[in-house]
Amino acid sequence: MSLDTASPTARRHGSNAGQPLTRRDGLLKVTGRATYAADNHPDGMLYAVTAISRIARGRVTALDVGAARAHAGVVEVLTPANRPPLAHDPDEKMPPFGFRVEVLQDDTVRYVGQPIALVVAETLEAATEAAALLDPQYEIADARTDRSNGDRFGLAAVGIGAPPRTVHGDLAAGLAAATHVTEAEYETPAQYHNAMEPHAVVAEWHGDRVTLDMPNQAMALSCAAYGAYFDIPAENVLIRSPFLGGGFGSKAILNGPQILAILAARMLKRPVKLVLTRTQMYGPVGHRGHTWQKLRIGTDAQGRLTALHHHALCATSSFDEFIEPAANASLPLYDSPAILVEHEGLRLDIGTPGPMRAPGEASGSAALEVAMDEAAVACGMDPLEFRLANYAETEPGTGRPFSSKALRECYLEGAKRFGWAGRPLEPRQMRDENGFLVGWGMGTAVFHCPHFPAEARATLRADGTALVETAGADMGQGAWTALAQIAAEALGLDPDQVEFHSGISTLPDGGIAGGSGHTASAGLALNNAGEDAIAKLAAIATADPASPLFGAGNIGVVARSGRLHRIDDEGRSESYVDILARAGQAEVIGTAKAARDPAIAEAHAMFSHGAVFAEVKVDPDLGQIRATRLVGAFAAGRVINPRLVRSQYFGGMIWGTSFALHEEAVTDRRTGRIMNADLAEYHVPVNADVPSLDAILIEEDDPYVNPLGIKGVGEIGITGTVGAIANAVWHATGVRVRRFPVRIEDLLIARA
Amino acid sequence: MNRFDYIRPVSVSEAIAAAAVPGSAYLAAGTNLLDLMKVGTTRPERVIDITRLPGLDRIEWLPDGGVRIAAMVRNSDLAYDERFARTFPAVAEALLSGASAQLRNAATVGGNLMQRTRCAYFHDLASACNRRVAGSGCDARDGENRLHAVLGWSEHCIATHPSDFCVPLVALDALVEVEGPHGAREIPVDLLHALPGATPERETALAPGELVVALRLPAEAADFSGNARYLKLRERTSYAFAVVSAAAALELEGKLIRKARVALGGVAAKPWRAREAEVALTGMPASAEAFAKAAEIALADALPSGDNAFKIELARRIVVRALSLAFEGTPEVMPALPASPFSTTAGAIHVA
Amino acid sequence: MSLSISLTINGQARTVVLDDPRVTLLDLLRERLDLPGTKKGCDRGQCGACTVLVDGRRINSCLSLAASLDGTEVTTIEGLAEGEALHPVQAAFIAHDGFQCGYCTPGQIMSAVGLIKEGHANGDPERIRELMSGNICRCGAYQGITEAILEAQKASTEANRRDAA
Ligand SMILES: Cc1cc2nc3c(=O)[nH]c(=O)nc-3n(C[C@H](O)[C@H](O)[C@H](O)COP(=O)(O)OP(=O)(O)OC[C@H]3O[C@@H](n4cnc5c(N)ncnc54)[C@H](O)[C@@H]3O)c2cc1C
Ligand code: SF4
Ligand code: FES
Ligand code: FES
């Protein structure tokens, strides 16, 4: 990483943003004092537990409500027969991305894990057992559980409103022009977010107002949605979500169990707590949908792409439409005269999938990066050289410029740090001192840069400190720290002098904490609010004849270290404290709304990029795999806090490892039941699975993505990593696995 | 979890008397029992807490060099007992490859021996399962059975026994001391777990109310201390049950195998002792061919019970590797990743 | 049937009357004793979020029946710091960014404290990784966790050496 003094990051050195501060919420989190939703315990609270369906399709014909009610401590049993009405029809979608939900509207069962009753009791033990006593009886219909029996259908949109099909150039001509066409199908399984914190809510009503302690990635939208369900104004819904124990996309969207618990609290006039069990998280709270992806890559004699075709068949539920936008991952990366990406839906009797960390890009780039590796092999080229040969200088197909793109630097720096040079082209060439097969693989990482509208408020106080506020969410990305740094920078204060309030819906709308866009979105709002406060302060000072800044209104001032300085003469300055004291004002309040400029957005392609290099070791006889070394180099615009950013990349790379080698929901095709709906058999990586991670932060100055130059870092680490590991497994063993995760038996080949 | 009566007896005899009531279950650390109660697989009416029974927490060395481990000794205390680990290294390694540090700190010797299958259908009350409800059928048979048994299974049940600990124990001729309503008896660990046959609901040789009070390893088992390993294949590096596992122990005279012990885990409803393979190895010089032949013999009767034919080949290979590792010698110190292929010392892969 | 047990929790002797024998240690702490620092991630021994020390040993509180722990000493995350002074493991977790969302963190920290007491890792990162594998972190903070433990362990070994000298 060069530290060129002219570089924008270096210019910002000495400022608040850019510094590797430790987390502001660290003390709370290491002492157990950070409060997550289920830690709340209002007086008189009851416990709610859902009973879930064990069939995928059909009807509930009987529930032993009597047995449940007879259990000591049971207060109420909600079933379709007595569930109080809701003001919004749960079978109607609620824009912008409310899903259809299952809230006991009738006795129909649409997937395994659907709530079919809610038991409320004085203790958790009583509610749990009473739910088990319901002993549901069913009328069972044949379940659609797989590609072989699901219903295929055409699509109007994929992901959240993205086009299902995009064509650039003439695919047939491109394929005809190819000297070689690489063609293969890849399968990615259903995966579940499995945030460590289960979905939970503590709901308490006061008349027609409700307070909800719940992990929430989208507070303002949720308030409106709950308002619609309960027929109260959005401002009567108070959501407190200071900390989320991980979200990964699963806590941005309303779900049935939480609505039912809120309903029960209103009905019983007592606070109610509901916490899903781990098993209950496999169904009503979204997942990454199963995909089957076909890729065709045409290459010419020089190893240049002539055509790129990516078709994705994506599973969704029988009653809603979230479609993993997997094939769209092939649009922005590689230069090809002809590109066709298209999606097809597959209806299964499952819970509706939803966005899960890097929706679309994760599954799509898994397939694309392996296909690119196969194409490089077909061309006899090193995989990195092959990618460089097909580097897109402008957005493929549209020719739009990238707002910034330091991918080439990522490739080169990553390769250097990893020691990629000298990698043998052929597989099965490397062994370590113990005889394990060693393989090296790489993949390109890419993620789009959304920007959500957000609002913020900054209050400069008479004592020279500030309070900044936005209803953001900390789910581990470090919002409390990075957002405060941005605000402090705008206010010309140290982060220590800035009190940061967040995580409660009464604050200005911080936008959505998702799509890796939260730091940029809420950050820009905070920055603008800070600048607004400073402008107001400057107006006071420059109009005050007693101030050394008097008359500097047209020249301008700059805020630094709690003082305003004349831009043309930094020696003339005055502290915020003095300005406010003389003005007799207790505070000045800056406010801002921020959004992306649509014209700039239209004119540019905006993506974060990266390159991931992986080393795996494989036992040559036994097939067990370990990803022994991962190096990722990422260019994602301006880095507010390198310590936090590195942690985000590591997290993403571990998710990539998990995708490549571990996670998979195993469904019994006869019943649609997920047979490993837990954390013992649904494997996510443990500490011993990730012995060595390295993340390189490549500098990138992006004047277009937003005025702060921030892209996003939360999701990109998964993309690239999946392919890198799968390709390394091929390089180690010579076995090309096209179904994720790679399993031991895939590698049980005859010994070399 | 159903409501139950909680009873904490103060002596073994009181415990046994309490357990005479049908619907009783002994509670040791509870890491398996409570889990099964939470999912509803077991619903005991009476839970008899045996963690405080006097005298059940000792490791005693017997005059002949064998060892007697009382049933309440915790898995980690046994594995880290220096003398025990030196004398029975494969057992210590197996213990340390199971579950997690926290679970091993709690889990008891008796509970580990008596833990029940992890078959997902056994845990799913909506599925048919002969082991849970006799005669109800077996949904694993045509279901998701990639990790189910390849040896000793029947049409009635294809489950495996999940314990790592038990695998070297059967290899080393361990036995359990049992006390029950009709007195005390001893059962070789090899006969403790039942193959399913037509009665998979009969999981062990214990009669209702019988209590495991101790585990014994005979003095001869110590003869293998220099060449004993446990190896476990997993779908992640740690904190996972075995796909397949193997214990191998050799008594060598130079390259000549004087005695051999081989057992497999994750392949059958019990830890699987491969006696014929041991016979084939005895008196042979250690070699890749001899190990491969032993592996062939060990799996000669194996049959896929579903989507799991790969486990047969994998089991063969793990037998070969475990034997190679045992031949290399017990490592000086416990590997950082106990029983993992990635703990292999330099060269082991090349031996076979 | 109601049952009275005595526990020493974070140094404080407490008598707890259980109206229900089904209560696990985890639910006792969280729902009945107002100690919600210990977290529930799976309730089935599969994640480590609920790790506490019982008589100085780390265990999963979700699979421990409270009644069975009568007479024991329990240490939770709330009892680790001495007043405002953080335990060295807590401080090292902050310094090495050993967490993100923080939900697994109380369990990770209690597990790390247990691991250091057990004394089997000997400053070997591979052993730490293995012995911390019973604590899942979905955010993927493992590298920071391992580094934090290495540092805290070193600090505690040095402190012991000083004490011995
Ligand atoms: C997430 C997870 C992962 C695991 N991974 C592994 C692994 O990789 N390898 C492995 O081997 N194990 C593994 N285990 C299982 C673990 O080893 C067992 O749960 C533990 O050994 C059981 O011991 P316990 O003392 O808790 O028994 P309990 O749960 O108290 O009892 C288990 C059973 O044995 C009976 N019982 C207990 N003691 C006696 C006795 N003295 N006499 C008669 N009956 C008795 C009980 O009634 C009960 O049916 C795992 C468990 C979990 C939860
Ligand atoms: S394999 Fe055995 S335990 Fe599993 S479902 Fe069949 S009978 Fe039950
Ligand atoms: S909550 Fe106890 S291990 Fe997960
Ligand atoms: S910090 Fe989020 S699960 Fe570990």
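The values are calculated or read from the model by the stated rules, or taken from the named source; none is laboratory data. Keep in mind that what you see is a predicted model, and the values were worked out from it rather than measured. All Cβ positions, even for glycine, are placed from backbone atoms using ideal geometry, and neighbour counts span all protein chains on display. Calculation scope for accessible area: heavy atoms of the full protein, side chains included, ligands and nucleic acids excluded. Shrake-Rupley method; radii C 1.70, N 1.55, O 1.52, S 1.80 Å.
Distance from the Cα centre of region C:13-62 to that of region B:1-79, in angstrom?
So the two Cα centres are separated by 20 Å.
Give the average, rounded to an integer, of partner chain Cβ atoms located within 10 angstrom of each Cβ in C:139-152.
5
Once phi is turned into ³J(HN,Hα) by the Karplus curve 6.51 cos²θ - 1.76 cosθ + 1.60 with θ = phi - 60°, what whole-Hz value does each residue of region A:24-40 show in order, with x for glycine and proline?
For region A:24-40, the Karplus curve yields 5, 8, x, 4, 5, 6, 7, 9, x, 9, 6, 9, 9, 3, 6, 7, 7 Hz.
Can you give the Rg and Dmax of region C:88-164 based on its C-alpha atoms, in angstrom?
11.7, 40
Using θ = phi - 60° and the Karplus relation 6.51 cos²θ - 1.76 cosθ + 1.60, list the HN-Hα couplings for region B:168-179 in order, rounded to whole Hz, with x at every Gly or Pro.
x, 4, 5, 4, 9, 6, 5, 9, 10, 9, 10, 10
Just counting partner chain Cβ atoms within 10 Å, what average do the residues of peptide C:31-37 show around their Cβ? Could you put the intermediate results ahead of the total?
Values: counts 8, 3, 0, 2, 2, 8, 6.
The per-residue average across the peptide is 4.
Dipole magnitude of region A:706-752 about its Cα centre, charges +1 at Lys/Arg Cβ and -1 at Asp/Glu Cβ only, in debye to the nearest 20?
Here region A:706-752 has a charge dipole of around 140 debye.
Rounded to a whole number, what is D in µm²/s for region A:72-167 from Stokes-Einstein with the Kirkwood radius over alpha-carbon pairs (10 °C, 1.306 mPa s)?
94
Just to be sure I follow: if Rg is taken over the C-alpha atoms of region B:1-54 and Rh is the Kirkwood radius over the same atoms, what is Rg/Rh?
Here the Rg-to-Rh quotient is 0.96.
I need the Debye-formula profile for region B:68-174: one equal scatterer per C-alpha, no solvent, reported as log10 I(q)/I(0) at q = 0.23, 0.24 1/Å, two decimals.
Each listed q maps to, in turn, -1.13, -1.18.
At q = 0.08, 0.09, 0.13 Å⁻¹, what is the log10 ratio I(q)/I(0) for chain C, with the Debye formula run over Cα points and no solvent?
For chain C at q = 0.08, 0.09, 0.13 Å⁻¹, log10 I(q)/I(0) is -0.24, -0.30, -0.61.
Given region A:498-625, report the % of alpha carbon pairs whose separation exceeds 27 Å. Before the final figure, lay out each step's value.
Working: 3862 of 8128 pairs.
For region A:498-625, the fraction of Cα-Cα distances above 27 Å is 48 percent.
Quick check: at a probe of 1.4 Å, how many percent of the accessible area of region A:598-752 sits on carbon and sulfur atoms?
Roughly 51 percent of what the probe reaches on region A:598-752 is carbon or sulfur.
What number results when the radius of gyration of region C:3-79, computed over Cα atoms, is divided by 2.2 N^0.38 Å?
Rg over 2.2 N^0.38 Å, computed on Cα atoms: 0.96.
Only loop residues by DSSP count here, and only those with at most 10 other Cβ atoms within 10 Å; note down the GluC sites (Glu not before Pro) in region C:49-143 that meet that.
C:E84
Quick one: net charge around A:L63, please, counting Lys, Arg +1 and Asp, Glu -1 for every other residue with C-beta under 14 Å from its C-beta.
Combined, the nearby Lys, Arg, Asp and Glu give -2.
Around B:R273, which amide H atoms from residues at least 5 apart in sequence, or from another chain, sit under 5 Å from its own amide H, with H modelled in the peptide plane?
B:L264
Using every alpha carbon pair in region A:332-374, what percent of pairs falls into each 5 Å bin from 0 up to the bin containing the largest distance?
Each 5 Å bin holds this share of Cα pairs: 5, 13, 21, 26, 17, 10, 6, 2.
Net charge near B:P331: determine it from the other residues with C-beta under 10 Å of the C-beta of B:P331, scoring Lys and Arg +1 and Asp and Glu -1.
-2
Taking N as the number of residues in region A:659-716, what is its Cα Rg relative to 2.2 N^0.38 Å?
Numbers: Rg = 19.2 Å, N = 58, 2.2 N^0.38 = 10.3 Å.
Against the empirical 2.2 N^0.38 Å value, I get 1.86 for region A:659-716.
May I ask you to list the trypsin sites (Lys or Arg not before Pro) in region C:42-91 that are in a DSSP loop and have at most 12 other Cβ atoms within 10 Å of their Cβ?
Numbers: sites: C:R44, C:R57, C:R58; in loops: C:R44.
Taking region C:42-91 and a limit of 12 other Cβ atoms within 10 Å, no loop trypsin sites (Lys or Arg not before Pro) are found.
Would you kindly find the accessible area of A:M196, with a 1.4 Å probe and non-protein molecules such as ligands, DNA and RNA excluded, rounding to the nearest 10 Å²?
Surface open to solvent at A:M196 totals about 10 Å².
Mean residue ellipticity at 222 nm from the helices of chain A, using -39,500 (n - 2.57) per DSSP H segment of n ≥ 4 over the full residue count, to the nearest 500 deg cm²/dmol?
-7500 deg cm²/dmol
Counting pairs of Cα atoms in chain A, how many percent are more than 45 Å apart?
27
Which percentage, to the nearest 5, of the DSSP beta bridges contained in chain A is antiparallel? Walk me through the numbers before you get to the answer.
Working: 101 of 130 bridges.
Roughly 80 percent of the DSSP beta bridges within chain A come out antiparallel.
For region B:96-107, in order, what is each residue's ³J(HN,Hα) by Karplus, 6.51 cos²θ - 1.76 cosθ + 1.60 with θ = phi - 60°, in whole Hz (x at glycine and Pro)?
With coefficients 6.51, -1.76 and 1.60, one gets 6, 8, x, 6, 10, 4, 5, 5, 5, 5, 8, 4 Hz.
May I ask which residue of B:S97, B:V319, B:F165 lies farthest towards the positive end of the charge dipole of chain B, with charges of +1 (Lys, Arg) and -1 (Asp, Glu) on Cβ and the Cα centre as origin?
B:S97
Across region A:40-106, what fraction of all alpha-carbon pairs, as a whole percent, falls in each successive 5 Å bin from zero upward?
P(r) for region A:40-106, in whole percents per bin: 3, 11, 18, 19, 19, 16, 9, 3, 1.
Among C:D43, C:D19, C:D27, which one moves the most in a GNM of chain C with springs linking Cα atoms closer than 10 Å?
Between C:D43, C:D19, C:D27, it is C:D19 that shows the largest mean-square fluctuation.
Which of the listed residues, A:T519, B:S154, A:P620, is farthest toward the dipole's positive end in the protein assembly as shown, when Lys, Arg count +1 and Asp, Glu count -1 at the beta-carbon?
B:S154
If exposed GluC sites (Glu not before Pro) are those in a DSSP loop with at most 13 other Cβ within 10 Å, what is the longest stretch of chain A that has none?
A:93-392
What three numbers, in Å, describe the spread of the alpha carbons of chain B along their principal axes, ordered from the longest?
Here the spans come out as 58, 50, 34 Å, largest first.
Hey, got the dipole for region A:94-211? About the Cα centre, +1 on K and R Cβ, -1 on D and E Cβ, debye to the nearest 20?
Dipole size: approximately 640 debye.
Return the distance in nm (one decimal) between the two label points of a simple spin-label model at C:D55 and A:I504, each offset 7 Å from Cα along Cα→Cβ.
Between C:D55 and A:I504, the simple spin-label model gives 4.5 nm.
So how compact is region B:225-328: Cα radius of gyration and Dmax in angstrom?
Looking at region B:225-328, its Cα Rg and Dmax stand at 13.2, 42 Å.
Counting Lys +1, Arg +1, Asp -1, Glu -1, what net charge surrounds A:R23 among other residues with beta carbon under 10 Å of its beta carbon?
0
Rounded to the nearest 20 debye, what is the charge dipole size of region B:224-352 about its Cα centre when +1 sits on each Lys and Arg Cβ and -1 on each Asp and Glu Cβ?
Its charge dipole is roughly 200 debye.
When 1/r is averaged over all different Cα pairs and the result inverted, which Kirkwood radius in Å belongs to region A:301-343?
That comes to 11.9 Å for region A:301-343.
Could you check what % of the DSSP bridge pairs in region A:284-370 are antiparallel, to the nearest 5?
Once the DSSP bridges in region A:284-370 are tallied, antiparallel ones form about 50 percent.
I need two numbers for the protein assembly as shown: Rg to one decimal and Dmax as a whole number, Cα atoms only, in Å.
My reading of the Cα-based Rg and Dmax gives 30.9, 106 Å.
What trypsin sites (Lys or Arg not before Pro) in region A:168-273 are in a loop by DSSP, with at most 11 other Cβ atoms within 10 Å of the Cβ? Walk me through the numbers before you get to the answer.
Values: sites: A:R209, A:R240, A:K251, A:R266, A:K269, A:K273; in loops: A:K251, A:K269.
The qualifying sites are A:K269.
Report, in whole Å, the centroid distance computed from the Cα atoms of region C:92-165 and region B:168-190.
39
For B:106-119, what's the mean count of beta carbons from other chains sitting within 10 Å of each residue's beta carbon?
Shielding by partners across B:106-119 averages 1.
Tell me which of A:G734, A:V558, B:V189 sits at the most positive position along the dipole axis of the protein assembly as shown, charges placed on C-beta atoms (Lys, Arg +1; Asp, Glu -1).
Looking along the dipole axis, the top candidate is B:V189.
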